[in-house]
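One structure, as C-alpha cells, below. Some questions next.
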Amino acid sequence: MPELTSHWWSRWNPVQISTRQSALELLAALAPLTGRILLVTTAGFSKRGVTARVQRALQHLDIVVYDGVEPNPQLAAIDDATERFAAAKSDVIVALGGGSAVDTAKVLGVTLASGESRPLHRVLRSGVPQDWRSRVPVIAVPTTSGTGAEVTPFATVWDSETHRKYSVAGPNVYPVHAVLDPLLTLTLPADETLHSGLDSVSHALESLWNRNRSAVSTAWALQSLALAVTALPAVLARPDDLAAREDLQHASLLAGFAISQTRTAIAHSISYPMTLRFAMPHGLACSFTLPALMRRNAEALEGIMGDRELFRAVYEMLGSLHLPQQALRYASVDQIQQVEAEMQTADRLGNYSGVVAEPRDLLAESLGR
C-alpha cells in the first residue's frame, strides 16, 4: 500500500485572525477612519436586519451594500457585480456570510482592482493565466463553519453555462483580516450546519491523503478533525451550544489552513459535477465518498493520526450521518454515474497520494453498487 508521504514544502499565510463575540465592535475598530466600504452579503442578512446593524456600527463611513450573493457564486454574476461597483472605488470590502459571500468578496477584491469590466470571462473562460497584481483589501466575517475561506488564497467560482468550476487564486486573494464570532453561527439552519461542517471534515481528510502534505498541514488537519468529531454532532443535537459552535468554527479555520497548503484532492474532484448538475450542496457532495476513501487508506491514515482512536471516531461519525442516502436525494445512482467523466479534474486527482481509486469504483462503493 502506498504511504501518504510529504515532500519539500514552504508556508506563508498573511491573514490576521481575531476571535471575539462582538464582530461588529471589532469591525468598527478595524475599519478605516474615512473612506468607502463595500459590504458583500446575502439578502437573508439584510432581511434579518444584520446589514443594518453593520451600517450602524460603521456609520462614520460611506457604505455600499451588495446583498445579491447566492449559493455557489456564478461567474457571470460576479462579472456583473464587478461592472456595477467599479465606479464606487471602495477602499475596503467586508464579507459577511458563509463561504459563498466570502469567496465572492475575495474575487471582487481582485476583479475590482483589475480595472477590467468582465475579467472573469476573459481570464477563466478564455484560459488566460491568472495574474492578479493588486487588490481591494477584504475583511472576512464568516457566519458558517466549513469552508475556511477566510484564510485561503483561492476562491471558488461556478459557471453553470459551461458546467465548470474554477478557482480564482493568488496571494492577493487572501483576506487581510478574519473575524471569528461564534454568535453569528447560532441561527444557521440544521442542513447548512451539517453541510458546512462536512466540508470542513472533507478539507482535513483531503489534506492528509495529499501529495502536498507537510508536518504543519498535518498538525492543523488532525486538530481540526479532533474538534469537529465532537463539535459537529453536538451542534446538530443542540443548535444553541455556543461552545460547540466555537469549536466547529475553529475546526473550519484549521482545515482552511491545511488546504491552503495542500489544496483538495479526489473527493472534491468527484463533487464538482454533483453540485453543478444536480444542485447537491457542496459539503455533502465532497463528503459522501469519504468513508470509502477512509477504508481504502485506513493503514496509512491510522499511522498519520498516531493511533486508531481518532480515525475510528471520524469514520463512525461520518457513518452515523447516512451520507449516501442524503446524496441520493439529489440524484439517482444512474444519474451520478453518467457524469463520472466530469469528475476527472486533473489537478485535484493529481493531489491524491493514497490508494489508487477510480471515481467509478469509489461511486459504486460509496453508493452501494
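The values are calculated or read from the model by the stated rules, or taken from the named source; none is laboratory data. Nothing here was measured: the structure is a model prediction, and the numbers come from that model. So basically every Cβ, Gly included, is an ideal-geometry build from the backbone, and we count neighbours across all protein chains shown.
What about Val54, is it modelled with pLDDT under 95, surrounded by 19 or more Cβ atoms within 10 Å (Cβ to Cβ) and on the phi < 0 side of the Ramachandran plot?
Yes: the conditions hold for Val54.
Yes/no matrix, rows are residues, columns are (1) among the charged types (D, E, K, R); (2) touching a strand residue (DSSP E or B) at 6+ places or on another chain (Cβ under 9 Å); (3) within 27 Å of Pro182 (Cα to Cα):
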{"site": "Phe45", "(1), (2), (3)": "no, yes, yes"}
{"site": "Thr51", "(1), (2), (3)": "no, yes, yes"}
{"site": "Gln59", "(1), (2), (3)": "no, no, yes"}
{"site": "Ala86", "(1), (2), (3)": "no, no, no"}
{"site": "Ala95", "(1), (2), (3)": "no, yes, yes"}
{"site": "Gly99", "(1), (2), (3)": "no, yes, yes"}
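Within region 261-283, can one find any residue that is surrounded by fewer than 20 Cβ atoms within 10 Å (Cβ to Cβ), in the same structural domain as Val356 (by TED's automatic domain parsing) and closer than 20 Å to Ala190 by Cα?
Yes, the conditions are met somewhere in region 261-283.
Could you check region 1-17 and list, in sequence order, the residues that are modelled with pLDDT of 80 or more and crowded, with 16+ Cβ neighbours inside 10 Å?
Val15
Among the helices (runs of 4 or more DSSP H) confined wholly to region 320-359, which include 2 or more residues that are surrounded by fewer than 18 Cβ atoms within 10 Å (Cβ to Cβ) and free of Cβ contacts under 8 Å to residues at least 40 places away in the same chain?
In region 320-359, 333-338 are the helices (runs of 4 or more DSSP H) which contain 2 or more residues that are surrounded by fewer than 18 Cβ atoms within 10 Å (Cβ to Cβ) and free of Cβ contacts under 8 Å to residues at least 40 places away in the same chain.
Next question. Count, please, the residues in region 310-354 that happen to be over 20 Å from the mean Cα position of the chain (by Cα), within 25 Å of Ser207 (Cα to Cα) and acidic (Asp, Glu).
3
Okay, residues lined up against (1) touching a residue at least 60 places away in the same chain (Cβ under 8 Å); (2) among the aliphatic types (A, V, I, L, M):
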site: Lys89; (1), (2): no, no
site: Val92; (1), (2): yes, yes
site: Gly98; (1), (2): yes, no
site: Ala101; (1), (2): yes, yes
site: Pro119; (1), (2): no, no
site: Trp132; (1), (2): no, no
site: Arg135; (1), (2): no, no
site: Val138; (1), (2): no, yes
site: Pro171; (1), (2): yes, no
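Quick one: in region 175-190, of everything that is within 11 Å of Val15 (Cα to Cα) and touching a Lys or Arg at 6+ places or on another chain (Cβ under 8 Å), which residue is surrounded by the fewest Cβ atoms within 10 Å (Cβ to Cβ)?
Applying the filter and picking the extreme gives Val179.
Exactly one of (1) more than 21 Å from Glu25 (Cα to Cα); (2) crowded, with 18+ Cβ neighbours inside 10 Å; (3) not acidic (Asp, Glu) is unmet by Ala101. Its number?
Every condition holds for Ala101 apart from (1).
Let me ask something else. Under 6 Å by Cβ, and 6 or more places apart or on different chains, what pairs join a residue from region 205-233 that is closer than 17 Å to Ser320 by Cα with one that is surrounded by 24 or more Cβ atoms within 10 Å (Cβ to Cβ) and modelled with pLDDT under 95?
none
Confirm whether Ser287 is small (Gly, Ala, Ser), buried (at least 22 other Cβ atoms within 10 Å of the Cβ) and part of a helix (DSSP H, G or I).
No; evaluated as a whole, the condition is false for this residue.
So which residues in region 146-160 are more than 19 Å from Ala77 (Cα to Cα) and over 9 Å from the mean Cα position of the chain (by Cα)?
Correct list: Val151, Pro153.
Moving on to the next point. Among the numbered conditions (1) modelled with pLDDT of 95 or more; (2) touching a Pro at 6+ places or on another chain (Cβ under 8 Å); (3) not acidic (Asp, Glu), tell me where Ala300 comes up short.
Unmet for Ala300, out of (1) modelled with pLDDT of 95 or more; (2) touching a Pro at 6+ places or on another chain (Cβ under 8 Å); (3) not acidic (Asp, Glu): (1).
Taking the criterion of being surrounded by 22 or more Cβ atoms within 10 Å (Cβ to Cβ), modelled with pLDDT of 95 or more and among the β-branched types (Val, Ile, Thr), would at least one residue in region 214-226 satisfy it?
Within region 214-226 (the criterion being surrounded by 22 or more Cβ atoms within 10 Å (Cβ to Cβ), modelled with pLDDT of 95 or more and among the β-branched types (Val, Ile, Thr)), the answer is no, since none of the residues qualifies.
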